[in-house]
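Readers should treat all values here as calculations from the given coordinates under stated rules, not as data from a laboratory. As the structure is a prediction and not an experimental result, all values here were calculated from the model. As a convention, Cβ positions derive from the backbone with ideal geometry for all residues, glycine included, and neighbour counts pool all protein chains shown.
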Amino acid sequence: MTDEELMHAFEAGQVPEGGFHHAQHVRVAWNYLRAHPLPEALGRFCAGLKRFAEAQGATGLYHETITVAYVLLINERWAGSDPATSWEAFAASHPDLLAWKPSLLDRLYAPETLASPRARRVFVMPDRLA
């Protein structure tokens with residue numbers, strides 16, 4: 001699937017072919033970061049993910065801390081990349097961003113922090129630094 005096809009499906013609230021799993025979340029965020037400055041990319045991705053979840057009848061799955069933390073991590077990695085880097089090359093260089101269980105966030109957050117209603121609702125700073 002091309003970046004354009006993935007972004008179109010995401011923005012239309014449609015599950016792309018193959019599903020919309022963690023790697024697809026990361027890829028969509030990466031696409032927003034390539035096209036927009038961090039604050040705009042973050043706003044677009046968070047709003048888009050909420051709309052996507054609503055279209056799937058899964059509004060309760062949205063998690064603000066996980067979403068913001070991953071966008072910030074992707075941005076940090078992207079800032080050190082050649083702007084012409086393809087998704088495939090970026091993903092191959094940063095496989096830890098694509099791992100879900102265990103997650104990169106496990107090193108930054110205590111499990112009870114990420115499980116909290118507060119972290120689901122608002123961004124919470126990391127409470128565990130490796």
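Peptides 74-82, 45-53 ordered by packing proxy, namely the average of other Cβ atoms within 10 Å per residue, highest first: 45-53, 74-82. On full extension, the segment bounded by PHE123 and ASP82 gains 11.9 nm, given 0.36 nm per residue less the C-alpha separation. Computed per residue of the chain from DSSP H runs no shorter than four, each worth -39500 (n - 2.57), the mean residue ellipticity at 222 nm is -17000 deg cm²/dmol.
Over the chain, what relative contact order in percent results from Cα pairs under 8 Å that are six or more residues apart? Relative contact order of the chain: 25 percent.
Shape class for the chain: oblate, because the ratio a/c of the largest to smallest gyration tensor axis (alpha-carbon atoms, square roots of eigenvalues) is 1.5 or more and b/c is at least a/b. The Cα center of the range 83-117 and the Cα center of the range 1-43 differ in position by 15 Å.
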